[in-house]
1. So the label point goes 7 Å from the Cα of S81 along Cα→C-beta, right? Which residues of the range 43-62 then have their backbone N under 19 Å from it?
2. If each of R157 and N91 carries a label point 7 Å out from its Cα toward its Cβ, how far apart are those two points in nm?
3. Hey, what do the phi angles of the range 331-341 turn into as Karplus ³J(HN,Hα) couplings, whole Hz, using 6.51/-1.76/1.60 and θ = phi - 60°, x for Gly and Pro?
4. Taking 0.36 nm per intervening residue step and subtracting the Cα-Cα distance, what contour gain separates D204 from A33 on full extension?
5. For T175, what is the net charge nearby, where nearby means another residue's Cβ is under 12 Å from its Cβ and Lys, Arg count +1, Asp, Glu -1?
6. Using unit Cβ charges (K, R positive; D, E negative) and no other charged atoms, how large, in debye to the nearest 20, is the dipole of the chain about its Cα centre?
7. Ranking H126, H301 by Cβ neighbours within 10 Å, fewest first, what do you get?
8. How much length is gained if the chain between S307 and M18 is pulled fully straight, taking 0.36 nm per residue apart and subtracting their Cα-Cα distance, in nm to one decimal?
Amino acid sequence: MITHSKPTLDIDDYRSVMDVLESGRLVQGEQVAGFEDALSSFIGVKSGVAVSSGTAALHLSLLALGAGKGDEIIIPSYVCSALLNAVMYVNAVPVVVDIDRSTFNIDVDDLKKRITKRTKAIIVPHMFGLPADIDEIVSLGIPVIEDCAQSAGAKYRGRYTGSFGVCSIFSFYATKMLATGEGGMILSDDDRLAGIVRDLRDYDEKDGYSVRYNYKLTDMQAALGISQLKKLPSFIERRKKIAGLYDGSLRDISFPVAAIPEGREHIYYRYVLSLKDSSGFMKEMLNLEIGCRRPVFKPLHEYLGLSGYPGTEEAMARTVSIPLYPSLKDEEARKIAGGIVDRLKDESGERRA
Ligand SMILES: Cc1ncc(COP(=O)(O)O)c(C=O)c1O
């Protein structure tokens, strides 16, 4: 069986974790500080604060921006429920926007319509590794939390995603671009914001009491993160190579391959197809022992009982993600490309960016 997603780990990764175990210093020590420095300087942002997950990073970012009861936080519908949870943790009001059906990112026209006097922040994911319209969204003048859970290493007009918002968050869940098992980080150029987040992630040895959290990252995870980060450029290269193989196979059968919008670098965290019969396709791929997935389980507007999200509805009905990760072997990628060609040669569907 070719699994849909999998981390890419090698002997250097194993050694980095073993070294920490041997050192006896397991939590939020040198390795965590080293990982914070390494990722923040890679992305080009002043400070990094490591935490236990991407969700924790979103939660603390909202708290650091002062979001609370009555504040509105804008989030897209087509994304995992972690964003909705973070908004609910701070008792704010989620305002859900639609996506652009050709990029899966926030639809800026819909976003503009949903801004009110109470809008406190916008959380902007760069879906599937393709940067969102981040310049335009930042220019609206509302604090932007960039969600780089799927876009570590992707660039927008030559700058890394994660360097545009008032802060950005990353996830290092097992199958993300950088894997530490679980893990996350907040990056920011704003010392005050970074200081608040740093204070809130850890409850111990504080002079005055206020509610704080245990969102610490371990040194084993951080050491793995440092080791993975060294390989990020080669991971991206490999992802692009496999995407190129899939693109080429689709072009061979004249299946439309959508262009990547100008000024953006797609790093193919996910490679998605847009299909009329997405369920039938997934079943046939399963018969070939190729694991495909719907990349979003349930859209947020559905959880909230809302309607009026045509871009998201279309994406939910049609989008299928096929396996693409650096450790995918050449022969596996060729088998997947062959399976796609066999299944889709008589279809008129559309593959989106
Ligand atoms: C866009 C996005 N944001 C946030 C998260 C949450 O990250 P974590 O699972 O590390 O809490 C995810 C996780 O899948 C995600 O895809």
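No lab work stands behind these numbers, since they all come straight from the coordinates. These figures come from a predicted structure and were not determined experimentally. With ideal geometry, Cβ positions are generated from the backbone for all residues, glycine too; neighbour counts draw on all protein chains shown.
1. 53-59
2. The two pseudo-label positions are separated by 4.0 nm.
3. Working through the residues one at a time gives 5, 5, 4, 5, 5, 5, 4, x, x, 5, 4 Hz.
4. On the way: separation 171, 0.36 × 171 = 61.56 nm, distance 1.75 nm.
Residue separation times 0.36 nm, minus the Cα-Cα distance, leaves 59.8 nm.
5. Values: positive: K6, K176, R270, R293; negative: E182.
Overall, the nearby charge balance is +3.
6. Numbers: 44 positive and 48 negative charges, 87 e Å.
For this selection, approximately 420 debye.
7. Working: H126 30, H301 20.
Arranged by neighbour count, lowest to highest, H126, H301 become H301, H126.
8. Values: separation 289, 0.36 × 289 = 104.04 nm, distance 5.04 nm.
Full-extension gain reported as 99.0 nm.
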